[in-house]
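Enquirer: Below is a structure I'd like to ask you about.
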Amino acid sequence: MEKGGSFEEAVREAQRIGAAEVDPSLDIDGYDTANKLFIIMKSFTDFSGDISDIRIKGIRNIDEKLAKQASSRNHKIKLVGLVEKKDDQWILVVKPIEVQADSFLGSCNNWEMGIDLSTDYYENIAMKTSEAEPAGTSAAVLRDVINLSLN
């Protein structure tokens, strides 16, 4: 959409290259991001909530005009999962936000997905991976099955 084209055209292109499912609603409506955020929180924090505790806003309302406006400011619109802890309470949100095009999250394109952690001791830690091949997902599923069988 940044280069021209409607939301529907962008979804069709994502489906054509295999980045979106035949039914892309889980991605578009933010549920895929929320599921990943939930898994991360349950695996690495003391978050005791449920997935229904995540406030979710997808990208259905993002259109070519909004994408081009962001691009004119050297920004990109990214669907992100945000986490903040306030007074021992976790606040989890999935929503589209504008990020600098040359920032870490702005540099995650095509098949890439990233995580940017702000820490007390190490400042920011940023990692990204490409999901172009099924190996990462397959490894994660296998790891989960092994972990479940051990418990």
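The values are calculated or read from the model by the stated rules, or taken from the named source; none is laboratory data. Just so it is clear, the model here is predicted, and its values are computed rather than measured. Virtual Cβ from ideal backbone geometry, glycine too; neighbours counted across all protein chains shown. Please note that ligands, DNA and RNA were not included when accessible areas were found on the heavy atoms of the full protein model with its side chains. Shrake-Rupley method; radii C 1.70, N 1.55, O 1.52, S 1.80 Å.
Enquirer: Among the residues of the range 9-44, which ones are under 24 Å from LEU92 (Cβ atoms), outside any helix (DSSP H, G or I) and open to solvent by 50 Å² or more (accessible area, probe 1.4 Å)?
Expert: GLU21
Enquirer: Here's another thing I want to ask about it. What residue, of LYS42, LYS65, LYS86, LYS57, is among the basic types (Lys, Arg) and under 19 Å from LEU105 (Cβ atoms)?
Expert: LYS57 is the lone residue from the list that is among the basic types (Lys, Arg) and under 19 Å from LEU105 (Cβ atoms).
Enquirer: For residues in the range 31-64 being under 27 Å from GLU9 (Cα atoms) and small (Gly, Ala, Ser), which is nearest to the chain's Cα centre (by Cα)?
Expert: Of everything passing the filter in the range 31-64, ALA34 is nearest to the chain's Cα centre (by Cα).
Enquirer: A further question follows. Can you tell me which of GLY5, GLY81, GLY49 is surrounded by 18 or more Cβ atoms within 10 Å (Cβ to Cβ) and of a type outside the set (A, V, I, L, M, F, W, C)?
Expert: Residue meeting the stated conditions: GLY81.
Matching residues to (1) farther than 16 Å from THR33 by Cβ; (2) in contact with a Lys or Arg (Cβ under 7 Å, 6 or more places away or on another chain); (3) modelled with pLDDT of 90 or more; (4) not in a strand (DSSP E or B):
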position	(1), (2), (3), (4)
VAL83	no, no, yes, no
LYS95	no, yes, yes, no
VAL99	no, yes, yes, no
ASP102	yes, no, yes, yes
ASN110	yes, no, no, yes
ASP120	yes, no, no, yes
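Enquirer: Go through the range 95-114 and report how many residues are open to solvent by 50 Å² or more (accessible area, probe 1.4 Å) and polar (S, T, N, Q).
Expert: 3
Enquirer: Can you tell me which condition ARG60 does not meet? The list is (1) outside any strand (DSSP E or B); (2) surrounded by 14 or more Cβ atoms within 10 Å (Cβ to Cβ); (3) touching a helix residue (DSSP H, G or I) at 6+ places or on another chain (Cβ under 8 Å), and all the others hold.
Expert: If we test ARG60 against (1) outside any strand (DSSP E or B); (2) surrounded by 14 or more Cβ atoms within 10 Å (Cβ to Cβ); (3) touching a helix residue (DSSP H, G or I) at 6+ places or on another chain (Cβ under 8 Å), just (2) comes out false.
Enquirer: Can I ask one more? In this structure, is PHE7 among the aromatic types (Phe, Trp, Tyr), touching a strand residue (DSSP E or B) at 6+ places or on another chain (Cβ under 9 Å) and touching a residue at least 40 places away in the same chain (Cβ under 8 Å)?
Expert: No, not satisfied.
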